[in-house]
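*Asks:* Here it is, the structure in full.
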Amino acid sequence: MKTRTLGKTGFEVSEIGLGCWQLGNDFGPVEDKEAIAILQTAVEEGIHFFDTADVYGGGLSEQRIGQWRKSLNKSPVIATKVGRSAELYPNGYSKAAVKKSLQASAQRLGVESIDLAQLHCVPRDVLFSGDILAWMEDLKKEGVIKYFGASVEMLDEAMFCCGHTELASLQILFNVFRQDATESLLPLAEKNNVGIIVRLPLASGLLSGKMSLNHAFSERDHRSYNKDGAAFHVGETFNGIPFEKGIELVEALKGKLPEGHNILDVSLRWILDQPQVSSIIAGASRSSQVVRNAAVSSLPPLSKELHALLAEFYREEVREHIRGGI
């Protein structure tokens, strides 16, 4: 497993991280034993960057990570998020409330100070007012958190946050079916030493190449109840692309890939070929998926010809079908 520097934090993080939303049982039940197995497998595969949030299972994901890390000789880098709990979202934001939420996360994680705290897709008006970023800077000075970043939905939000001098990282939607960040955001992030954390690298599983039109999702899985944006931003599920169209596009892309290229490997490797990316937080509900994702770090970069093919396919076939803006 190769490592990269996570922006201003200076942390050396694994190129492939582990997204821990599923450990909150928000995609369906994951037993404690399996949750620990997933986390332990990640460490065994060289993964030492973990991303969670206070709202994943109402704190369950953080609690599981906190209990597990007690068994480790050396703690990995653990990032969490703040801003979507019922106490804050959508209009309960104050410095005191944010601090209280972060302190509760630290307690669940079993740490004195959180490695990286990220604003969690807070409302646009709250973000653009700038106050909440100033609060995070203050909380960093107070030692509640070591560093702070932002997890955002739209490129203009990312560009705004990237201009804050103390911002250490940005978590964004970015994959072969959502490439626009390569033109504007990534160069700015590199200039400002902001680490890029990529979520939804496989567009909610579409780019795993294993889904079909009759794929069934649990009622608790956002791919069931939010496929058209009924619960939260539509871009967080299947990249904002209608599921049926997404399956069609994946099949079309499979037919264009050179012989011997797997769409999952190509999709993750394409992200790692962007030097501004610090880590990909790929979710996994089974240990075998962790192993599969981790293996991509050792693959060689894609060819220039394949990069050009993927760029053209995105521009000509995919981009127009993304709902909710970019």
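*Asks:* Hey, what number do you get for the chain at 222 nm if only DSSP H runs of n ≥ 4 count, each worth -39500 (n - 2.57), divided across all residues, to the nearest 500? If you can, show how the numbers build up before the last one.
*Replies:* Values: 12 runs with 117 residues, N = 326.
When only DSSP H runs of four or more count, the value is -10500 deg cm²/dmol.
*Asks:* Could you tell me how many degrees, from 0 to 90 and to the nearest 10, lie between the Cα long axis of helix 95-109 and the main elongation axis, the longest principal axis, of the Cα atoms of the chain?
*Replies:* 70 degrees
*Asks:* Over the chain, what per residue volume does the convex hull of the Cα atoms give, in whole Å³?
*Replies:* 122 Å³
*Asks:* Around Ile145, what is the net charge, scoring Lys/Arg as +1 and Asp/Glu as -1 over all other residues with Cβ under 12 Å from its Cβ?
*Replies:* Once positives and negatives cancel, what remains is -1.
*Asks:* Which shape class applies to the stretch 231-326: rounded if a/c is under 1.5, otherwise prolate when a/b exceeds b/c and oblate if not, where a ≥ b ≥ c are the square roots of the Cα gyration tensor eigenvalues?
*Replies:* Details: a/c = 1.57, a/b = 1.15, b/c = 1.36.
Oblate is the answer for the stretch 231-326, as a/c is 1.5 or above yet b/c matches or exceeds a/b.
*Asks:* Any chance you could run the full-extension gain for Glu137 through Gln107? It's 0.36 nm times the residue separation minus the Cα-Cα distance, nm to one decimal. Don't jump to the answer; show the numbers that get you there.
*Replies:* On the way: separation 30, 0.36 × 30 = 10.80 nm, distance 2.04 nm.
Additional length available on full extension: 8.8 nm.
*Asks:* Counting only C-alpha contacts under 8 Å and six or more residues apart, can you give the relative contact order of the chain as a whole percent?
*Replies:* 22 percent
*Asks:* Now, a different point. Would you kindly state how much longer the chain becomes between Ser184 and Ala230 on full extension, computed as 0.36 nm times their sequence separation minus their alpha carbon distance, in nm to one decimal? Write out the running numbers ahead of the final one.
*Replies:* On the way: separation 46, 0.36 × 46 = 16.56 nm, distance 2.97 nm.
Net length gain for the segment: 13.6 nm.
*Asks:* Only bridges whose two residues both fall in the chain count here: according to DSSP, what percent of them are antiparallel, nearest 5?
*Replies:* Of all bridge pairs located within the chain, approximately 10 percent are antiparallel.
*Asks:* Magnitude of the Cβ-charge dipole of the stretch 176-326, K/R +1 and D/E -1, about the Cα centre, nearest 20 debye?
*Replies:* Roughly 400 debye, rounded to the nearest 20.
*Asks:* Treat every Asp and Glu Cβ in the stretch 3-321 as -1 and every Lys and Arg Cβ as +1, leave all other atoms uncharged, and give the resulting dipole magnitude about the Cα centre to the nearest 20 debye.
*Replies:* About 680 debye.
*Asks:* Would you mind checking the pairs Lys81/Lys146; Lys8/Lys304; Lys2/Lys70; Lys210/Lys245 and listing those with alpha carbons more than 22 angstrom apart?
*Replies:* Lys8/Lys304; Lys2/Lys70
*Asks:* Quick check: pseudo-label points 7 Å beyond the Cα along Cα→Cβ at Arg124 and Asn73, how many nm apart are they?
*Replies:* Between Arg124 and Asn73, the label points sit 5.1 nm apart.
*Asks:* Send over the Kirkwood Rh of the stretch 1-146, from the inverse of the averaged 1/r over different Cα pairs, rounded to one decimal Å.
*Replies:* 15.7 Å
*Asks:* Can you give me the distance in nm between label points at Ser288 and Thr3, each placed 7 Å from the Cα along the Cα-to-Cβ direction?
*Replies:* Distance between the two pseudo-spin positions: 3.1 nm.
*Asks:* Further question on the same structure: Angle check, please: helix 32-44 long axis (alpha carbons) against the longest principal axis of the chain (alpha carbons), in degrees 0 to 90, nearest 10.
*Replies:* On a 0 to 90 degree scale, this one is about 80.
*Asks:* Kindly state, to the nearest 0.05, the FRET efficiency for Ile36 paired with Lys191, given R0 = 45 Å and r defined as their beta-carbon distance.
*Replies:* 0.65
*Asks:* Express in whole angstrom the spacing between the alpha-carbon centres of the stretch 150-213 and the stretch 26-64.
*Replies:* 22 Å
*Asks:* Using 0.36 nm per residue, how much length does the chain from Arg315 to Glu87 gain when fully extended, once their Cα-Cα distance is taken away?
*Replies:* 78.0 nm
A short reminder: the numbers here are calculations on the coordinates, not readings from a lab. This is a predicted model, so every value here is computed, not measured. Methodologically, a virtual Cβ is constructed for each residue, glycine included, from the backbone with ideal geometry; neighbour enumeration extends over all protein chains shown.
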